[in-house]
Amino acid sequence: MKRRNRVAVFNIMSTVLLNGISIITGPLFSQMLGTSGFGVLKIYNIWASVAAILFTLQTQGTLVNARVEYPEEEQNRYQSSVMAMSVLMFLLCSAVVGAFLEPISRLLKLQPLLIGLMLLQAFGTYCVGFLNTKYTYEFKAGRNMVISLAVTLVTLVLSVVLILQLPQEIKYYGRVTAIAVTYALVGIPACIRILLRGRTFFHREYWKFCIVLAIPAVFHNLSDLILGQSDQVMLQHMIDTSAVGCYAYAWQFANILFILFGALNRTWCPFFFEEMKEDKREAMTDKTRNFLELFTILACGFLLLAPEVYHVYAGRDYWSSTGIIPLFVGSYYINFLCTFPVNFEYYHKKTKVVAVVTVGSSLLNVGLNYLFIKAMGMPGAAVATVISHGLQLLLHHGYCHLLGKGRYPFPVRLWGKYAAAFLLVMAFGYIAENTWLLRWGVGGVLGIFELLKIKKRKVLI
């Protein structure tokens with residue numbers, strides 16, 4: 001029990017630090033860059049994420065399956081081998097980008113220098129992610145905390161120093177350079193250390209095991225990125241970068257909730273895989289109820305307090321996007337519900353199913369974005385995302401009921417009441433939109449209720 005609490009605390013803190021840099025420092029950088037510069041930064045980060053997924057095969061996603069498949073003494077060799085495969089793939093893809101730099105620059109509407117920084121950031125991000133995943137499933141959350149703290153502090157200081165040296169129209173270069181250089185400085189030594197520790201580069205069995213799982217996961221991760229970010233790219237082309245800046249800032253604010261989910265999920269997942277392997281169904285169900293209850297309360301509280309907090313967090317230039325924050329929160333909550341069937345599918349190595357569902361949902365999202373942005377502008381993009389995530393949830397749960405054949409541990413009766421409670425609070429938030437005291441009062445009651453529940457059960461999840 002003490003280990004669970006320690007792992008949970010370290011995972012939450014490290015995830016918030018590592019992934020929440022842009023949120024924590026959002027007010028500072030949004031004012032320094034302006035809506036247009038902030039929009040350019042968001043578009044750049046989207047393409048850096050695409051490169052990190054596509055050019056590396058995201059082999060870190062197979063580490064948990066390798067822990068089930070291979071004994072402990074083979075783990076370092078497996079990690080070294082799949083890391084070497086990613087390095088080779090990244091170098092080949094980078095060479096192609098270099099050969100066609102000018103047309104790619106025109107297509108993405110990003111300067112060639114930004115493309116180069118994007119590649120550096122993509123590889124560094126992959127390496128840091130690999131190390132984070134390795135430590136997560138080895139229950140070494142403290143090491144993740146140290147890495148996150150280093151990345152956070154270096155990025156923050158370097159960003160401010162570089163931005164202050166540049167003229168207003170290109171200040172975003174300071175932020176971009178700081179992120180790319182920091183991830184490279186942390187990620188590349190981590191990559192070398194993993195390669196030297198395992199000293200296994202090409203291993204036919206490991207590569208075959210990894211590729212079978214990784215290729216579908218690449219399509220899933222890429223499609224998931226499209227599902228979550230295509231709206232910003234389409235807003236850039238259909239409206240302008242200033243609209244992207246306002247939309248992305250509201251999305252970034254709501255992303256606080258998703259980062260908390262990611263931290264809790266990183267705590268819950270290792271225990272889920274461990275208990276699935278040992279067939280501890282009752283223990284798994286208890287942890288899942290705790291997870292459902294905690295995140296539902298967090299999401300409801302976020303909804304109720306968001307408007308006023310956002311107006312403190314954001315400058316007046318960004319307030320036009322306040323109304324779409326509840327839609328973002330709804331999307332994240334649906335995404336949270338998807339984690340249960342998706343992890344069940346990953347455990348059973350059904351990565352192709354995960355990829356097919358995500359690709360289908362992302363294609364729907366692109367089509368709906370085009371229709372709804374034309375009709376509604378910024379809110380249309382958020383509505384399209386909610387609908388697409390809803391389809392994703394239905395397909396994943398439907399498939400897992402068939403796959404589980406009565407043994408699927410997350411039926412609707414387990415999570416349905418929590419989803420219904422979230423919808424009721426969301427409706428209440430809209431009804432009481434202009435009565436902040438009532439909303440904050442309900443949010444305070446929910447927070448106290450959950451703190452008392454955590455105290456009683458003596459574990460976070």
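Observations
- Its relative contact order, with pairs defined as Cα atoms under 8 Å and 6+ residues apart, puts the chain at 23 percent.
- Under Stokes-Einstein, with the Kirkwood radius over Cα pairs as Rh, the value for region 375-461 at 25 °C and 0.890 mPa s is 150 µm²/s.
- Compactness of region 387-433 as Cα Rg over 2.2 N^0.38 Å, two decimals: 1.46
- Using θ = phi - 60° in the Karplus curve 6.51 cos²θ - 1.76 cosθ + 1.60, the 3J(HN,Hα) couplings for region 346-356 round to 5, 4, 8, 6, 9, 5, 5, 5, 4, 5, 4 Hz; x is entered for Gly and Pro.
- Radius of gyration (Cα atoms) of region 74-194, expressed as a multiple of 2.2 N^0.38 Å: 1.20.
- The shape of region 20-142 comes out oblate: with a ≥ b ≥ c from the C-alpha gyration tensor, a/c is at least 1.5 while a/b does not beat b/c.
- Over region 297-434, volume per residue of the alpha carbon convex hull, in Å³: 120
- Karplus-based coupling profile of region 158-166, in residue order and whole Hz: 5, 4, 4, 4, 5, 4, 5, 8, 10, with θ = phi - 60° in 6.51 cos²θ - 1.76 cosθ + 1.60 and x standing for Gly or Pro.
- Look at the dipole of region 60-202 built from charges on Cβ: of Ile192, Ser94, Ser148, the Cα furthest out on the positive end belongs to Ser148.
- For region 21-83, the spherically averaged projection of the C-alpha convex hull amounts to 6.0 nm².
- Using the alpha-carbon positions of the chain, Rg (one decimal) and Dmax (whole number) come out as 21.6, 63 Å.
- Kirkwood-type hydrodynamic radius, region 223-353: 16.6 Å, calculated from all non-identical alpha-carbon pairs.
- Residue-normalised accessible area of the chain, given per residue in Å² at a 1.4 Å probe: 43
- The ellipsoid equivalent to the alpha-carbon distribution of region 350-421 has semi-axes of 28, 16, 6 angstrom, derived from the gyration tensor eigenvalues as √(5λ) and listed largest first.
- The phi-based Karplus calculation (6.51 cos²θ - 1.76 cosθ + 1.60; θ = phi - 60°) puts the 3J(HN,Hα) values of region 241-253 at 5, 5, 5, 4, x, 5, 4, 5, 5, 5, 4, 5, 5 Hz, whole numbers, x for Gly and Pro.
- When the trypsin sites (Lys or Arg not before Pro) in region 226-321 are filtered for DSSP coil states and for at most 16 other beta-carbon atoms within 10 Å of their beta-carbon, the remaining sites are Lys280.
- Ordering of 364-376, 235-247, 59-71 by packing [mean C-beta count within 10 Å, highest first]: 235-247, 59-71, 364-376
- The residue among Asn369, Leu395, Ile461 whose Cα reaches farthest toward the positive pole of the charge dipole of region 337-461, with charges on the beta-carbon of Lys, Arg, Asp and Glu, is Ile461.
- Ellipsoid semi-axes in whole angstrom, largest first, where each is sqrt(5λ) of the Cα gyration tensor of region 157-231: 35, 22, 6
The values are calculated or read from the model by the stated rules, or taken from the named source; none is laboratory data. Predicted, not measured: the structure shown is a model, and the values here were computed from it. Positions of Cβ are backbone-derived with ideal geometry, glycine not excepted, and every protein chain shown enters the neighbour counts. When the accessible area is computed, the model is the full protein with side chains, heavy atoms only, and any ligands, DNA or RNA have been set aside. Shrake-Rupley method; radii C 1.70, N 1.55, O 1.52, S 1.80 Å.
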